[in-house]
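Since the structure comes first, as structure tokens, the remarks are kept for the end.
The values are calculated or read from the model by the stated rules, or taken from the named source; none is laboratory data. Note that the coordinates shown come from a computational prediction; the quantities given were computed from them, not determined experimentally. Glycine also receives a Cβ, built like all others from the backbone with ideal geometry; neighbour counts cover every protein chain displayed. The accessibility values were calculated without ligands, DNA or RNA, using every heavy atom of the protein model including side chains. Shrake-Rupley method; radii C 1.70, N 1.55, O 1.52, S 1.80 Å.
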Amino acid sequence: MASKPEQEPHQANGAVLPVVPMDRLTSPDRGQLVESSDFLGPDGVGVEAVVLESRANAKGVREEDALLENSSQSNESDDTSTDRGPEPASPLKETSFSIGLQVLFPFLLAGFGTVAAGMVLDIVQHWDVFKYVTEVFILVPALLGLKGNLEMTLASRLSTAANIGQMDTPKELWRMITGNMALIQVQATVVGFLASIAAVIFGWIPDGHFSIDHAVLLCASSVATAFIASLVLGLIMIGVIIGSRKMGINPDNVATPIAASLGDLITLALLSGISWGLYKELESKAYVNPLVCAFFIALLPIWIIIAKRNAATREVLYSGWEPVIIAMAISSVGGLILDRTVSDPNFAGMAVFTPVINGVGGNLVAVQASRISTYLHMSGMPGESTETAPRKCPSPCSTFFGSDVNSRSARVLFLLVVPGHLVFLYTINSMQGGHTTLTLIFIVFYMTAALLQVLILLYIADWMVHWMWSRDLDPDNFSIPYLTALGDLIGTGLLALSFHILWLIGDRDTDVGD
């Protein structure tokens, strides 16, 4: 079978091959390839290229074009130069050293951010607004937890988009920025409003006292704080991710810890300042609080319209609420434990250490969840059965001692716990945070709680991300809120247990009060 002389030949594996017309390769219904062709090899000997049968599927034209391209090659299929698809992106080839090096700086920055948030709370708790509107204390853990979830989810979503090439062109970059910024404004406003309602309810239940002025103050403070913090942190995250890509750093390693650390510090500072300012206006200008609340809620339709027009954020706008609301419920249990312990003299100092142990655990598991999600996105779409989503319930050995890149990163993140916490404990002790004296036995119990917390979280992350992927859920949008909320609950519970054991065995040096 000879080709037409006017057709330009192809070259593959050293053989000169002619272009085979489409009508020679396909049956009339274009459903399968049916012919074999005799081509001339480099020595003039005929080489038979067998065109394999392929059924047309939903991707019809694209797969047919790929088959037509492959039909112009010889049958030397064992040649290693044959294109077998794109190689995995660079993040999947990272060594343990490179992962640790990239994670170390943002991890320390995130830790110091949580230390700073604890010190800020230690100062502002004596302000009038915290003394007379005690529901603000209830608002703090809920708002910090929810804001951290939103910002870390945004960072994970943008990191995945950057790693799989969805932010390479200016047009794609602008589309991702506008859609995601509008989305987090919607989420932050709604979350801030729900957090204020929860604070009012939890403050009213114990003593039965309700003040409409305090309720409006909480609503205005919470919504304004969530909105402004979302705007600032969202812009910071975009800058971090773009800068990371330009510097050749995997954004998954740096974006989520920075989002978490800055989220806690900035949100707490804004909440304290805004609530203090609005409290000052409460007596003379009572109309200011409802106006502030109404203003930010009135902006919601604008952000909803912008987010709905963007295909990348439209699905999250409709389906991204469940994890945030459930995470709020999980964090509330941890907040209840904290509320029952901080007022007990036997647990003195626990309030200073709680943000640190919870923040570090949440930061590390957010990095791991973001990395696994990126790894899965590189092989397909959620719900697709791929080799990278093997089992629904992994064993602890496979999670921490496997040879794949995700097990490697889990080991690196786990090994960062002890040196990181030692640095943070020394910083707290140097600044006399909580007026607590550290002892060797306290450090041992604290480290045990921290290691156990991170161990549990990393294992849950390995299972949860793969499980969500198999259920056609995008882990970038669903996993991190659950994991960070579980980090708050597990960290607070283990820390309270450690303090209780220390009190039982008589280690009173950890409870030195002012």
Legend entry - Scattering curve values for the stretch 127-343, log₁₀ I(q)/I(0), Debye with Cα scatterers, q = 0.18 Å⁻¹: -1.25
Inset, instruction - Before anything else, pin down the relative contact order of the stretch 127-343: Cα pairs under 8 Å, at least 6 apart, normalised by residue count, whole percent. - result: 34 percent
Inset, instruction - For Arg157, Arg245, Arg408, write out the residues from largest to smallest accessible area, computed with a 1.4 angstrom probe and no ligands counted. - result: Arg245, Arg408, Arg157
Inset, instruction - Round to the nearest 10 and report in Å² the accessible area of Leu194, as given by a 1.4 Å probe over the protein chains' heavy atoms. - result: 60 Å²
Inset, instruction - Using only protein heavy atoms and a 1.4 Å probe, report how much of Phe210 is accessible, in Å² to the nearest 10. - result: 110 Å²
Legend entry - Amide hydrogen neighbours beyond the local backbone of Gly349, cut-off 5 Å, H modeled: none
Inset, instruction - Give the peptides 226-232, 236-242 in descending order of average Cβ contacts within 10 Å, highest first. - result: 226-232, 236-242
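Quick check on packing: order 273-282, 477-486 by the mean number of other C-beta atoms within 10 Å, highest mean leading.
Values: 273-282: 17.7, 477-486: 27.0.
Listed from highest to lowest mean packing, they are 477-486, 273-282.
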Legend entry - Phi to ³J(HN,Hα) by Karplus 6.51 cos²θ - 1.76 cosθ + 1.60 over the stretch 400-411, Hz, x for Gly, Pro: 10, 10, x, 9, 7, 5, 6, 5, 4, 5, 4, 5
Legend entry - In order through the stretch 117-124: 3J(HN,Hα) via Karplus (6.51 cos²θ - 1.76 cosθ + 1.60), integer Hz, x for Gly, Pro: 4, x, 5, 4, 5, 5, 7, 6
Inset, instruction - For Ile197, tell me the accessible area in Å² from a 1.4 Å probe, rounded to the nearest 10. - result: 70 Å²
Legend entry - Where Cα atoms sit under 26 Å apart: lysine pairs in the stretch 127-343 separated by 8 or more or lying on different chains: 7
Legend entry - Under Karplus coefficients 6.51, -1.76 and 1.60, residue-wise ³J(HN,Hα) of the stretch 175-188 in Hz, glycine/proline x: 5, 5, 5, 5, x, 6, 5, 5, 4, 6, 5, 5, 4, 5
Legend entry - Exposure ranking of Leu139, Leu121 by accessible area [1.4 Å probe, largest first]: Leu121, Leu139
Legend entry - Solvent exposure, largest accessible area first (probe 1.4 Å, DNA, RNA and ligands not counted), of Asp344, Asp213: Asp213, Asp344
